[in-house]
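Inspection log for the structure reproduced underneath, given as structure tokens.
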Amino acid sequence: EAGVAQSPRYKIIEKRQSVAFWCNPISGHATLYWYQQILGQGPKLLIQFQNNGVVDDSQLPKDRFSAERLKGVDSTLKIQPAKLEDSAVYLCASSPSIRLDTEAFFGQGTRLTVV
Amino acid sequence: GNSVTQMEGPVTLSEEAFLTINCTYTATGYPSLFWYVQYPGEGLQLLLKATKADDKGSNKGFEATYRKETTSFHLEKGSVQVSDSAVYFCALTLNTGTASKLTFGTGTRLQVTL
């Protein structure tokens with residue numbers, strides 16, 4: 001079974017530029033998450049989709065971050081404009097169910113460096 | 001709010017030593033509890049889980065018991081190997097009404113030496 005695919009793996013941009021990340025979840029997984037992991041910290045949930053609807057975006061900085069999940073499959077996360085503090089690894093994960101005991105499957109992440 | 005607190009690392013052990021990584025949680029309700037592991041250069045992956053009080057999750061020689069009375073889910077292994085060197089994350093899921101939300105601790109880095 002193919003895992004969660006993310007691209008690019010690495011990205012370096014200057015502050016105030018824009019950047020977009022792409023995620024392809026495991027086929028059939030209805031739940032998709034985007035997490036931000038700053039060096040030395042645990043992953044922080046940015047946004048959670050159930051199919052193509054948003055169920056939690058309470059920690060998404062909406063003035064600069066946006067995300068969409070068209071047709072309930074692939075998803076993109078965009079930052080516009082980027083700030084130095086956005087340097088982090090952006091993780092995408094998917095899950096087959098919203099049940100509490102269900103495992104989330106993670107991609108390898110996109111490492112963003114803002115200079 | 002809901003949160004997970006882990007012991008700070010790094011934890012450095014010799015091979016075959018006993019491992020304990022402490023994890024406590026705060027949650028309104030009855031969460032499911034998880035340990036995820038991140039090996040160098042790899043993505044996060046599930047190590048073990050427990051879904052109700054007194055459940056014990058186990059995998060690859062690691063164990064953790066869901067203790068509701070102490071709100072803890074400590075990770076243990078009787079004899080660690082160099083290949084166990086990784087970052088370990090304690091996590092919980094809780095129903096938010098519309099979905100289950102997965103919340104992580106800050107992670108504990110384990111370094112095992114020969």
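Across region B:15-36, what is the number of residues that are in contact (Cβ under 8 Å) with a residue 60 or more places away in the chain, of a type outside the set (Phe, Trp, Tyr) and closer than 13 Å to residue B:77 by Cβ? Final tally of qualifying residues: 5. If only residues of region B:39-64 that are of a type outside the set (A, V, I, L, M) and part of a strand (DSSP E or B) are counted, the one that is surrounded by the most Cβ atoms within 10 Å (Cβ to Cβ) is B:49. Here residue A:66 fulfils each of the conditions (1) polar (S, T, N, Q); (2) modelled with pLDDT under 95; (3) touching a Leu at 6+ places or on another chain (Cβ under 9 Å) apart from (2).
Given the condition in contact with a Leu (Cβ under 7 Å, 6 or more places away or on another chain) and not charged (D, E, K, R), answer yes or no: does some residue in region A:7-17 qualify?
First, pick out the residues of region A:7-17 that are in contact with a Leu (Cβ under 7 Å, 6 or more places away or on another chain): A:11, A:15.
Next, from what is left, pick out any that are not charged (D, E, K, R): none.
No, there is no match, as no residue in region A:7-17 is in contact with a Leu (Cβ under 7 Å, 6 or more places away or on another chain) and not charged (D, E, K, R).
When region A:103-115 is filtered for residues that are touching a residue at least 60 places away in the same chain (Cβ under 8 Å) and either in contact with a helix residue (DSSP H, G or I) (Cβ under 6 Å, 6 or more places away or on another chain) or within 10 Å of another protein chain (Cβ to nearest Cβ) (or both), the ones remaining, listed by number, are A:104, A:105, A:106, A:107, A:108, A:109, A:114. Quick one: residue A:111 ticks every box in (1) farther than 21 Å from residue B:103 by Cα; (2) modelled with pLDDT of 95 or more; (3) surrounded by fewer than 17 Cβ atoms within 10 Å (Cβ to Cβ) bar one, so which box is it? Here residue A:111 clears every test but (1).
Yes/no matrix, rows are residues, columns are (1) more than 13 Å from the chain's Cα centre (by Cα); (2) without any contact (Cβ under 8 Å) to a residue 40 or more places away in the chain:
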residue: B:38; (1), (2): no, no
residue: B:44; (1), (2): no, no
residue: B:48; (1), (2): no, yes
residue: B:53; (1), (2): yes, yes
residue: B:56; (1), (2): no, yes
residue: B:74; (1), (2): no, no
residue: B:77; (1), (2): no, no
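Among the residues of region B:70-114, those that are at the interface with another protein chain (Cβ under 10 Å from one of its Cβ atoms) and part of a loop (DSSP other than H, G, I, E, B) comprise B:96, B:97, B:98, B:99, B:105, B:106, B:107.
Within region A:67-83, how many residues are among the hydrophobic types (A, V, I, L, M, F, W, C) and not in a loop (DSSP other than H, G, I, E, B)? Write out each step before concluding.
So the first thing to find is which residues in region A:67-83 are among the hydrophobic types (A, V, I, L, M, F, W, C), and the list is A:67, A:70, A:73, A:77, A:79, A:82.
Those still in the list that are not in a loop (DSSP other than H, G, I, E, B) too: A:67, A:70, A:77, A:79.
Within region A:67-83, residues that are among the hydrophobic types (A, V, I, L, M, F, W, C) and not in a loop (DSSP other than H, G, I, E, B) number 4.
Yes or no: region B:48-62 includes at least one residue that is farther than 30 Å from residue A:52 by Cβ, acidic (Asp, Glu) and within 14 Å of chain A (Cβ to nearest Cβ). Looking through region B:48-62, at least one residue is farther than 30 Å from residue A:52 by Cβ, acidic (Asp, Glu) and within 14 Å of chain A (Cβ to nearest Cβ).
The values are calculated or read from the model by the stated rules, or taken from the named source; none is laboratory data. Source: prediction; values computed, not measured. Here Cβ is always computed from backbone atoms with ideal geometry, including for glycine, and neighbour counts include all displayed protein chains.
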